[in-house]
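Here the structure comes first, spelled out in structure tokens, and everything after it is commentary.
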Amino acid sequence: MKSKQSAASAAFQAVMYLAALIWLIPLLWMIRTAFLSQDAAVNLQAAAAPTLANFSEVLSAAPFGSYYLNTILIVAGTLLVQFFFITLAGYAFARLEFMGKNFLFTLFLAQLMITPDVLIFPMYQLMAKLSLTNSLTGIMLPFFASAMGIFLMRQNLRTIPIELEEAAKMEGCSTWGIIWKVYAPLMRPTYAAFGLISVSYHWN
């Protein structure tokens, strides 16, 4: 019985290794052609010395340094502001009681059903009225509040015992301190999960 299981496991691993190799072929081919001239890249029989001319040509064609810097600033800036707002909004929806809380939270969730492409033109009009077109702030501002992030924070906060907050209040901790000193450290996994979603979305 064990020998059959071992044989099946070995066969499965062999198939997986073969699939991984097939998946890697285009990547390896791309790496190969990146270091060869155009003539040598299409000629499989000719032996040619590797060259970095392709990289220098591409890097000189456009200011990629500025492009990457702008992208990093947009991604990092948006994420930091999102962390701030989704933490406060998540705490409000999870712990505070106010009129229209459930209705307002439903409106936030309704945003998840609207594709971002539909909002491109309205957001551009709004940024134009605010004189923020052709600026990094204009790109980041529409994404400072994230419905997905607020939902994740609220759900996570609801799983944390309220007794922790009550104990902190007895020790004289303010609401601001409770949020950032008690709850925020406990929500690091949720921050990490949302951070991956936000970074991958805004980087692309």
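The values are calculated or read from the model by the stated rules, or taken from the named source; none is laboratory data. Since we're looking at a predicted model, the values are computed, not measured. Please note: Cβ atoms are built from the backbone with ideal geometry, for glycine as well, and neighbour counts cover all protein chains shown.
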Unique residue being farther than 30 Å from V199 by Cα and either modelled with pLDDT of 90 or more or part of a helix (DSSP H, G or I) (or both) when the list is A41, A19, A46, A76: A41
Residue among R95, R154, R188, R158 that alone is basic (K, R) and under 23 Å from W203 (Cα atoms): R188
Neighbours by Cβ (under 6 Å, 6+ apart or cross-chain): first from the stretch 155-168, in contact (Cβ under 8 Å) with a residue 40 or more places away in the chain; second surrounded by 13 or more Cβ atoms within 10 Å (Cβ to Cβ) and small (G, A, S): L157/G90; L157/A94; R158/A94
I120 vs. criteria touching a residue at least 40 places away in the same chain (Cβ under 8 Å), assigned by TED's automatic domain parsing to the domain that holds T106 and of a type in the set (A, V, I, L, M): no
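Which residues, taken from the stretch 43-93, are more than 30 Å from R158 (Cα to Cα), touching a residue at least 12 places away in the same chain (Cβ under 8 Å) and in the same structural domain as L157 (by TED's automatic domain parsing)?
N70, T71, L73, I74
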Selected residue (only one of I179, I150, I162, I197 is more than 25 Å from the chain's Cα centre (by Cα) and among the aliphatic types (A, V, I, L, M)): I162
Qualifying residue in the stretch 138-150 (condition: in the same structural domain as R188 (by TED's automatic domain parsing), loosely packed, with under 13 Cβ neighbours inside 10 Å and closer than 23 Å to A76 by Cα): no
